[in-house]
Amino acid sequence: MNHPGKVDSTAAEQQRRKREKIVILCAIPLIIALSVVEYFLVPGRGPIPAGGSLAIFAIINVNILLILLLLFLIVRNLVKLIFEDRQNVLGAKLRTKMVIAFVSLSLLPTVTLFFVSYEFLKTSLNYWFDVKVERSLHNALIVGRTFYEERVSQLQATAQTAGRYTALKCITGNSTIDVPCVQQAFGSMTPIPGGGRGGEISIHSLELLSESGEKIYSKTWLPLVEDVPPIRQSIIEQAVKEQGPVVTGTRVDNGELIRALRPVRDERGEVIAILVLGNLIPSNLSQMLDDIRKGYEDYKQLKLFQNPMRAAVLVNLLLITLIILFFSIWLGFRLAKGITEPVQMLAEATYRVAQGDLDFSLKARGKDELSSLVKAFNTMTKDLKEARRRAMQASRDLQKSYQELEQRQRYIEIILQNVAAGVISIDAGGVVTTVNRSAERILGISAREVIGKPYQVILPPDQAEEFESIKNDLRSSSRGTLQRSIRLKRDGRDLFLIASFTQLKDQEGNPYGVVVVFDDMTELEKIQRMAAWREVARRIAHEVKNPLTPIQLSAERLRRKCMGELDDDLQGIFDRCTRTIITQTEELRRLVNEFSNFARMPAPRLRPVDLKEVLEEVVIMYKEGHPGIEFKFEADEVPKALFDQDQIKRAVINLLDNSVAATGEGGTIAVQVELDHQEETISISVSDTGTGVRPEDRDRLFEPYFSRKKDGTGLGLAIVSSIVSDHEGTITVKPNVPRGTVFTMTFPLKWDNGSKEERA
Amino acid sequence: MAKDSIWSPLLCIFLGLAIVSAEAAAPSTLYGDTDSTPRIGRIAVSADLKHLYVDVTLENGLTPQVVETLQSGLSVIFVYEISLESPRIIKGKELTSKKIERVLSYDSLKNEYLVAYGPAKPVYITLKDLDKAGEEVFHIRTRLLSLARLRPGQVYKVRVRAWAEKEQQSLLPFGGMVKMFTRWGYKTKWKEITFSY
């Protein structure tokens, strides 16, 4: 589903409104301009009121523009709807349905009304132009015309008679009109009797005009009228030209005055005056006649413009229909928008909320249910935001705690990994959970290989059994802690460990496992043993050495004093015995001296020593002493390092003594000095091709008084080991290939300042 | 479905508008040179001592439409447009032009025709006979200009045309629109004569 990003489109809405205003402002002058242009362009323009035409053109233009606008809106909205529908925009389907519904609902009644109205008007128009109506109007006109013509002909006849009478009686000898005569003849009579075909007619005005139209005499019998209106000059001229009376009608206040103009001629036929007789058609009658005429003319005009009028009606209906349609469709879109927009807005807002965006609020318009829904949504968003803020705060606190915990754990792990003691923890199920680096080093195991495995799998059965018994003891122990000394074999080497077993318990006191903390006491034990042996040696030396001199001196004195006094047999025995005493005493002295040397092993006095030179001297000395053995000496370029020269020399001599003893004639002994720059160590190896060392003796080789030699004191290698230890080095023994033994002493390289600078 | 329901009335509306536009834009009848069509007949130029005069006759001016309109009570206005030009290569120079109106109306009750001369200082003549009324309307004589403005030996051209308009039927419903949809009136082609002064 596609979700447009922005819900709050206030800026876009304002921009749209602004655009619409601009369009409207542009449209108004456009409509006016178009109307004016069309007004002047349309041909056949007559005395039509300009305002009316302009209004019509304006209406048409408005409609055209509205239609164009409607079209634009419909097409735009349709395209938008289709596009949104395809894009699955929220609310598009609902809006489509609503628009269709609104348009259908508005279209049906509007179109129906249009056709019904048109039919109705068409019927009405047909009724207007019914033949009966036309005939009636025509007959009415004929009646009116007959009445009028009758009145006119009577007036003409009267005027003719009056004219003849005037010509006969009232013309003077010099061809002028005799006004008193006329006055006398017609002035006192009312009505003047008609002399014609239609009987009598009332004369309501009498005028005597000159040929040029000047009034000679005038008398009226018109009610409410003082004087009759003047007659147009053209009528007078026409009357002069005409032989018979000319009739003209004039509208007066109380009706229509029909006047007949009769020229009065003298004997020569010259017009000397014009006699005008007037007859008033009363207002009611003239109004009726006018109505008849007007009705007839209106009808004729209607009939004349029947078809244009139909078109005008149709156009009017169309315009009204279009306006209704426009507004209904516009309203449809508006209503659909009014409903779907909040729904779409809510849907989009829900999507944003689902995406975690709570920093917005919807605008609630109006007071309807949708507005309430929007308000409720805003409240919900606000609550969610507050809840999220709290949750985030809690999360931050938790994270902080976790980080602290992690730091602490890491710190503990670092301590655990760097502590000299080995630490192994085992959970309640017997699975190894922790093995620190020291434990790996001491036991020669890999934590990766043992963690996660039960101890029963890792340990041999007897040790597993022993651990089980320790666990049982722990359970029964009130303190929850036990200490045990443990001896183990590792890579053929004996290990002596002091282990502390502690039972782990959780907060409820339930057993959680066992943690074992142990220290490698092998070296310490060795040192302690060495120290003990030294003490023994010192005491033996002290206790044994003192009596040896008197014994030896006594034996020698006995030989010196008594040897000559004894017979041969006794002398022989005496000689052997004293000699034995002296020899054994010497041997004992040597032994005691060895003990003494071992016991008095001083602390090394470190000085810069050229190892190569020192050891080469030793090897040369041995070469000379043992010509049957091949001695080899190889040495790297070793800088002067801090050693106790005498002790190192002694250690190498001890090793060479052992090698010489083990190597017979034709054997080879090699001394090698190597420098390891990376490790910063110096190693001295003494290898021989002798009988070698039995594997079971290797661990005990460096113990005092252990020797496989008949005359060995068992102190040589112990002294070597002691010297190496005092120099903080290590000594190893390995079988030589193809035979023999290799002793390797490895010392950390210690520089004095001078050597260091020299080296640099 | 929605598309049909929206477009169908729009189609009707547009067809209606097209009709309206066509009606509104349609010109009034322009008659050609057939026997019964209105046309400018005789044009005669004359002069007195001071002025130049033109006599113009409109032939077939009383078309059935005009007669019918007159009998319906509406006045018909006949307008004559006369111009005097001095011919030049491209377009003649107009020396003067004038419009003369004759208004003919009919009183159905009195069964008489009224001719009004105009437009300035209108003069009215009442006639019983339509043909006589026609003679008054279709034959005009007017003073064109002062002879002083003409140069002797110069050729001039008189152009005349006429048209008929009806008075607005103000009483009709939708009067303004009806006028728009009525193809009423006629207009003759220009007729011209040249003369040498």
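Points to keep in mind about this one:
- Against chain A, whose longest principal axis comes from its Cα atoms, helix A:283-304 is set at around 50 degrees.
- Nearest-ten-degree value, helix A:611-625 long axis tilted from longest Cα axis of chain A: 30
- Highest to lowest packing among A:522-528, A:587-593, A:712-718, B:51-57, scored as the average C-beta count within 10 Å: A:712-718, B:51-57, A:587-593, A:522-528
- Between residue A:486 and residue A:386, the simple spin-label model (points 7 angstrom out along Cα→Cβ) gives 6.0 nm.
- For residues of A:291-303, the mean tally of beta carbons on other chains within 10 Å: 5
- Distance violations [Cα-Cα > 19 Å] among B:166/B:187; A:623/A:649; A:80/A:363; A:471/A:505; A:294/B:110; A:303/B:132: A:80/A:363; A:303/B:132
- Each label was represented as a point 7 Å from its Cα along the Cα-to-Cβ direction; for residue A:580 and residue A:210 these points are 21.7 nm apart.
- Simple point charges give the picture: +1 on the Cβ of Lys and Arg, -1 on the Cβ of Asp and Glu, and for the protein assembly as shown a dipole about the Cα centre of about 4340 debye.
- Estimated from the Cβ-Cβ distance and a Förster radius of 56 angstrom, the FRET efficiency linking residue A:80 and residue A:254 is about 0.15.
- Sequence-distant residues sharing a close amide H with residue A:360 (under 5 Å, placed H): none
- A simple spin-label model places pseudo-atoms 7 Å from Cα toward Cβ; at residue A:291 and residue A:706 they are separated by 15.8 nm.
- Between residue A:679 and residue A:437, the contour length at 0.36 nm per residue exceeds the alpha carbon distance by 85.1 nm.
- Ordering A:259-270, B:127-138, B:90-101 by mean Cβ neighbour count within 10 Å, with the highest value first, yields A:259-270, B:127-138, B:90-101.
- Buried solvent-accessible surface, both chains (B, A), 1.4 Å probe, Å² to nearest 100: 4700
- Amide hydrogen proximity for residue B:51: with H placed 1.01 Å from N in the peptide plane, the residues at 5 or more positions away or on another chain lying under 5 Å are B:147.
- Stretchable slack from residue A:125 to residue A:234, in nm (0.36 nm times residue separation minus alpha-carbon distance): 35.0 nm
- Positive end of the dipole of chain A (Cβ unit charges, origin at the Cα centre): among A:312, A:424, A:201, the Cα lying farthest that way belongs to A:201.
- Among A:133, A:381, A:555 the positive-end extreme of the charge dipole of chain A (Cβ point charges): A:133
- Principal-axis tilt of helix A:568-599 within chain A, Cα atoms, nearest 10 degrees: 20
- Dipole-positive endmost among A:212, A:340, B:58 within the protein assembly as shown (Cβ charges, Cα centre): A:212
- Seen from residue A:344, the other residues with C-beta closer than 10 Å to its C-beta sum to a net charge of -1, counting Lys and Arg as +1 and Asp and Glu as -1.
- Residue A:26/residue A:379 FRET efficiency (R0 30 Å; Cβ-Cβ; nearest 0.05): 0.10
- For region A:241-293 versus region B:105-152, the gap between their alpha-carbon centres in whole angstrom: 23
- C-alpha center-to-center spacing [region B:36-87, region A:635-701] in angstrom: 152
- Gyration tensor verdict on chain A (Cα atoms; rounded if a/c is under 1.5, prolate if a/b is larger than b/c, oblate otherwise): prolate
- Two-site FRET efficiency, residue A:466 against residue A:636, from Cβ-Cβ distance with R₀ of 45 Å, rounded to 0.05: 0.40
- Helix-only [θ]222 nm of chain A, DSSP H runs n ≥ 4, -39500 (n - 2.57) each, per residue, nearest 500: -20500 deg cm²/dmol
- A simple charge model with +1 on the Cβ of Lys and Arg, -1 on the Cβ of Asp and Glu and nothing else charged puts the dipole of region A:156-290 at about 300 debye relative to its Cα centre.
- All aspartates and glutamates inside 13 Å of residue A:453 as judged from Cα atoms, apart from same-chain residues fewer than 8 positions distant: A:427
- Overall, the accessible surface of region A:156-290 at a probe of 1.4 angstrom is composed of carbon and sulfur to the extent of 49 percent.
The values are calculated or read from the model by the stated rules, or taken from the named source; none is laboratory data. The structure displayed is predicted, hence computed values, not measured ones. With ideal geometry, Cβ positions are generated from the backbone for all residues, glycine too; neighbour counts draw on all protein chains shown. Heavy atoms of the whole protein, side chains included, go into the accessibility calculation; ligands, DNA and RNA do not. Shrake-Rupley method; radii C 1.70, N 1.55, O 1.52, S 1.80 Å.
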